[in-house]
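The values are calculated or read from the model by the stated rules, or taken from the named source; none is laboratory data. From a predicted model like this one, the values you see are computed outputs, not experimental measurements. Backbone-built Cβ (ideal geometry, glycine too); neighbour counts: all protein chains shown. These accessible areas exclude ligands, DNA and RNA; they are computed on the full protein's heavy atoms, side chains included. Shrake-Rupley method; radii C 1.70, N 1.55, O 1.52, S 1.80 Å.
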Amino acid sequence: MTYLDTVNWMFSQLPMYQKQGQTAFKKDLTNTLNLAKHLKNPQRKFKSIHVAGTNGKGSSSHMLASILQDAGYKVGLYTSPHLKDFRERIKINGKEVTKAFVIDFIKQNKTFLEANKLSFFEMTVGMAFDYFAKQNVDIAVIEVGLGGRLDSTNIITPEVSLITNIGLDHIQFLGDTLKLIASEKAGIIKPNIPVVISETQLETQSVFTAFAEKNNSPIHFADHAKNEALATDLKGSYQSKNIKGVLQTVKQLRLKGFEVSDKNIKSGLLNSVKNTGLKGRWQILNASPKVICDTAHNKEGLTLAMQQLLQEKYHKLHIVFGVVNDKDVASILPLLPKVATYYFCKPDVPRGLGQHVLMDVFISKGFQGTAYASVDIAYKEALKAASKDDVIYIGGSTFVVAEVV
């Protein structure tokens, strides 16, 4: 099988949350544990940091990897979803896993993967852990896919766990209150392993404290610590919240013997994009007119992104917008600016919500805009309509951003 054949075969395996949504959710870790055993437990052969949270876990993971790289460590980075190519999910020091490794891993293990009906996400986690073990990484930053307790990544015993924040996302799996969702994310707290919480939230603080006490885990609420305000090359004013959690996580690593200087921290934060190749976080695609894309897609993420968007200086605002079909569109409408021209589109995945359905909801609430057959056409129309003093924002879904970066 070629690389493309291999990846297409993986995508076709049941089930894949990225494309299908709810049916892809697994109820326990049996499959992942069986695969780990089959691979001779690679997750025990490298040190790790486990990162969960509703928003900010991707950015935080990349910042941590960048800082540790700057300190001279060989750093694995596992994140999801990918924007363009599957291999973005598995990196070492910013370099994507080779196509040869992906092909070979599936070829060697295909019989086992099929016989045990492993999902796309389970086999991807197994592949990442196998790669990190075989490449002898010093440490790997492992981002949770969905939730925490039942996520395939939750077979590691990390040096430190980081939970960024809790918002109402994926409620069909994780529960429909912040407390219930926090309980799922708190599932990554391990006995005697320190846990860092980036943002203290009234509704969730007691949940995390209780889980930490039960596991005898030292807990650190990062926004309570006094830290120097540091800059990062990841744009978006919301990164200041993520940085606090990252700094506290690095502090815990230092206590465990990792040598990371203040200079490494500053340099790592300023070179996160360069060191790790992160895309889609308040990314500027064009200067005139200014084009911004951002993967924010839930209430909390969009609230922060829109606050920042409205601070931009522009003559007119154009918004290219698309969502997936399990998105509660009505709940995000109050967050979005009405004084803007919208270009409604359907992201090119099976879960994409039809552009006309999306437009109807918006128009019924007094928004202005037109539906377009694809993200590409919507973006081109926005560019055509915009003057050099305008701003174009592209977002609503990771999959919309994936088509423009």
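Each other residue within a Cβ distance under 11 Å of residue 46 adds +1 if Lys or Arg and -1 if Asp or Glu, for a net charge of +2.
With the helix formula -39500 (n - 2.57) applied to DSSP H stretches of n ≥ 4, the chain reaches a computed 222 nm mean residue ellipticity of -11500 deg cm²/dmol.
Using 32 Å as the Cα-Cα cut-off, could you pick out the over-long pairs in 47/263; 91/313; 244/279; 134/185? Pairs exceeding the cut-off: 91/313. DSSP finds beta bridges in the chain, and of those with both partners inside it, around 20 percent are antiparallel. If the Kirkwood radius is taken over C-alpha pairs of region 33-169, then at 37 °C and 0.692 mPa s the Stokes-Einstein diffusion coefficient equals 218 µm²/s. At a 1.4 Å probe, what is the % contribution of carbon and sulfur to the accessible area of the chain? Roughly 52 percent, rounded to a whole number.
Averaging over all projection directions, the Cα-based convex hull of region 177-226 occupies 3.2 nm² in the image plane. Residue 37: which aspartates and glutamates have alpha carbons under 12 Å from its alpha carbon, excluding same-chain residues fewer than 8 sequence positions away? Filter leaves 130. Size check on region 322-390: the Cα extents along the three principal axes, sorted descending, read 35, 26, 15 Å. Dividing the alpha-carbon Rg of region 210-349 by 2.2 N^0.38 Å yields what? Cα Rg divided by the expected 2.2 N^0.38 Å: 1.31. With one equal scatterer per alpha carbon and no solvent term, the Debye-computed log10 I(q)/I(0) for region 81-137 at 0.28 1/Å reads -1.29.
Looking at region 239-371, the accessible area is 46 square angstrom per residue; that uses a 1.4 Å probe and ignores ligands, DNA and RNA. If you take the Cα centroid of region 326-405 and the Cα centroid of region 48-101, the two points sit 29 Å apart. Looking at region 51-173, the accessible area is 30 square angstrom per residue; that uses a 1.4 Å probe and ignores ligands, DNA and RNA.
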